[in-house]
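Following: one structure in structure tokens, then a few remarks.
Here, each number is a calculation from the coordinates, and none is a lab measurement. Keep in mind it's a predicted model, so treat the numbers as computed, not measured. When we count neighbours, we look across all protein chains shown, and the Cβ atoms used for this are built from the backbone with ideal geometry, even at glycine.
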Amino acid sequence: MPRLTVASDGVVVELREDETILEGLHRHGYAYRTGCRRGGCAICKVDVVSGEVRYTRPVADTVLSDAERQSGVCLSCRAVPVSDTTISLREETLRCVNPLLALYATSH
Ligand code: FES
């Protein structure tokens, strides 16, 4: 299972197979700015610092351009890490919305 690190907040979580960045962080009690959660609004863009992501569903070029993809930007509601991946949020911090889930996430 890939390990996801949010470098901007020092949070590390284990992801399930085929789990998106957004799903994995939410499952571990964390939230950040999101919108449609379907790959249509682009609000959930994050920067991939290291690692690799793939998309199990198409993402429109109007939402995420080739230049953005090549520079390491990903759509976190659709991006599925294929290896240990480190991301950085943009102009915000991760919010812990469920401390018990978050505690479990960081203690393993
Ligand atoms: S939340 Fe709308 S594209 Fe990700």
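What Rg and what Dmax come out for the chain when only alpha-carbon atoms are used, in angstroms?
12.8, 39
Less than 11 Å Cβ to Cβ from Val53, Lys/Arg counted +1 and Asp/Glu -1: what total charge do the surrounding residues give?
Residues close to Val53 contribute a combined charge of +2.
Taking K and R as +1 and D and E as -1, what net charge do the other residues with C-beta under 13 Å from the C-beta of Arg69 add up to?
Net charge around Arg69: -2.
Could you list Arg95, Arg90 in order of exposure, starting from the residue whose Cβ has the fewest other Cβ atoms within 10 Å?
In order of increasing Cβ crowding within 10 Å: Arg95, Arg90.
Over the Cα atoms of region 33-89, what radius of gyration and what Dmax do you get, in Å?
10.3, 28
May I ask you to derive the relative contact order of region 1-95, considering only C-alpha pairs under 8 Å and at least 6 residues apart, and to give it as an integer percent?
41 percent
Please report Val59, Val82 as a ranked list, fewest other C-beta atoms within 10 angstrom at the top and most at the bottom.
Sorted ascending by nearby Cβ count, the order is Val82, Val59.
Under a plain spin-label model, where a point goes 7 Å from the Cα along Cα-to-Cβ, how far apart in nm are Val12 and Glu52?
Inter-label distance under the simple model: 2.2 nm.
Just how far, in whole angstrom, is region 30-82 from region 83-104 if you go by their alpha carbon centroids?
16 Å
What is the sum of charges around Thr93, taking Lys and Arg as +1, Asp and Glu as -1, for the other residues whose C-beta is under 13 Å from the C-beta of Thr93?
Once all neighbours under 13 Å are counted, the net charge is 0.
Per-residue ellipticity at 222 nm for the chain, helices alone: DSSP H runs ≥ 4 residues times -39500 (n - 2.57), over residue total, nearest 500 deg cm²/dmol?
Taken over the chain, the calculation gives -4500 deg cm²/dmol.
Within 10 Å of each residue's Cβ, count the other Cβ atoms and sort Leu103, Leu15 from fewest upward.
So the residues, fewest neighbours to most, are Leu103, Leu15.
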